[in-house]
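To start, the structure itself, in structure tokens.
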Amino acid sequence: DERHVPPDHPDSNFRVAREALLSKIAPAESNIHRIHAEEPDAARAADDYEKELKEFFSAMPGAWPRFDLVLLGMGPDGHTASLFPGTTALDVEDKWVTSCWVEKFKAFRITLTFPVLNHAGGVMFLVSGGDKAEMLRKVLGDREPFPSGRVRPESGRLVWMVDRAAAALL
């Protein structure tokens, strides 16, 4: 997922990934597929990213991609990727990528959809911090009402890696 900001913006997820990982391992540029969130229209950025992914996966019409591994986090409100409670992105079942307005941040976000996440070969959640303990208990106990709980790979593995603070109420 990505915030609707340029790649060098302090809030850019791509910037963080580039600084923390990509700059250290220096993959070929052809292996990096970022969301072009500097595009003024978030919906167009989402559509363009979906087209890029479909080309990469050589997708047949109606098919879903199968990422080997999707790494996700979880927010204190139960969101994951940019799938926030109460947003239109939660109901998108016919697209790989969508954009949505997140009122909480007064900003657009661009995200993979649940069907894409749920077709992955593996999904790993990394959750840390005591501020997420109550939500983690809820998500793992009564998964459906929260976006993080709707991530259930159809034929892949789901792994939760949590620190002691996040796991305090389990």
Filtered residues of region 26-45 (kept if closer than 25 Å to Arg150 by Cα and either in a helix (DSSP H, G or I) or open to solvent by 60 Å² or more (accessible area, probe 1.4 Å) (or both)): Ala42, Ala43, Ala45
Flag if Arg157 is among the basic types (Lys, Arg), farther than 13 Å from Ala81 by Cα and either surrounded by 21 or more Cβ atoms within 10 Å (Cβ to Cβ) or touching a Gly at 6+ places or on another chain (Cβ under 6 Å) (or both): yes
Hits in region 46-95 (condition: surrounded by 14 or more Cβ atoms within 10 Å (Cβ to Cβ), in contact (Cβ under 8 Å) with a residue 12 or more places away in the chain and either over 16 Å from the mean Cα position of the chain (by Cα) or assigned to a helix (DSSP H, G or I) (or both)): Ala46, Asp47, Asp48, Tyr49, Glu50, Glu52, Leu53, Lys54, Ala89, Leu90
Tabulated pairs, region 100-122, first under 18 Å from Glu2 (Cβ atoms) and open to solvent by 90 Å² or more (accessible area, probe 1.4 Å), second among the basic types (Lys, Arg) and modelled with pLDDT of 95 or more, C-beta under 9 angstrom, 6+ apart or interchain: Trp101/Arg109; Phe105/Arg3
Residue list for region 142-163, restricted to those being basic (Lys, Arg), without any contact (Cβ under 8 Å) to a residue 40 or more places away in the chain and under 10 Å from Phe114 (Cα atoms): Arg152
Region 123-154 - residue that is more than 23 Å from Leu69 (Cβ to Cβ) and among the small types (Gly, Ala, Ser) and, of those, surrounded by the most Cβ atoms within 10 Å (Cβ to Cβ): Ala133
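The values are calculated or read from the model by the stated rules, or taken from the named source; none is laboratory data. All values reported here derive from a predicted model rather than from experimental measurement. All Cβ positions, even for glycine, are placed from backbone atoms using ideal geometry, and neighbour counts span all protein chains on display. Quick note on the areas: whole protein, heavy atoms, side chains included, nothing else; ligands and nucleic acids left out. Shrake-Rupley method; radii C 1.70, N 1.55, O 1.52, S 1.80 Å.
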